[in-house]
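Asker: Below you'll find the structure I mean.
Bear in mind these aren't lab numbers, they're just calculated from the coordinates by the rules spelled out. Remember, predicted model here, so these are calculated numbers, not experimental data. Neighbour counts run over all protein chains shown; Cβ positions are idealised from the backbone, glycine included.
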Amino acid sequence: MSSIDEILDHISRCTVCSGTQYVLTRHSFTADAPECPEDFTPLWEGYSYAMVTSSGSSGGGQDLASSGSCLQNFHLPTFIECLGRGTCAYYINNLDYWLG
């Protein structure tokens, strides 16, 4: 397995921008964060997160237009499941997918 420092250079960067009417998320598909369009204000820059899978048919994805697909920090594992009993866990069979 590679170190996080080796992986970061290959993860697409993103920017979440605020306009007068809505929030916009832009993905660069490169290691450089894209700029906001004219008349939009940057809210944060991050890493482009696509989805997580688990065993069987479990998993979930992020709409790339959603600000939830632009995570400010890169963490492994990304997906953590919290149960109603006040406990949280992550599982070794979960796979995170980031845009490259």
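Asker: Take the Cβ-Cβ distance between A65 and C88 as r, set R0 to 25 Å, and report the resulting FRET efficiency rounded to the nearest 0.05.
Answerer: It comes to 0.35.
Asker: Karplus couplings for segment 6-19 from phi (6.51 cos²θ - 1.76 cosθ + 1.60, θ = phi - 60°), rounded to Hz, Gly and Pro as x?
Answerer: Each residue of segment 6-19 in turn: 6, 6, 3, 5, 10, 9, 4, 9, 9, 9, 9, 10, 10, x Hz.
Asker: For M51 and I7 in one chain, what is 0.36 nm times their gap in residues minus the Cα-Cα distance, to one decimal in nm?
Answerer: 14.2 nm
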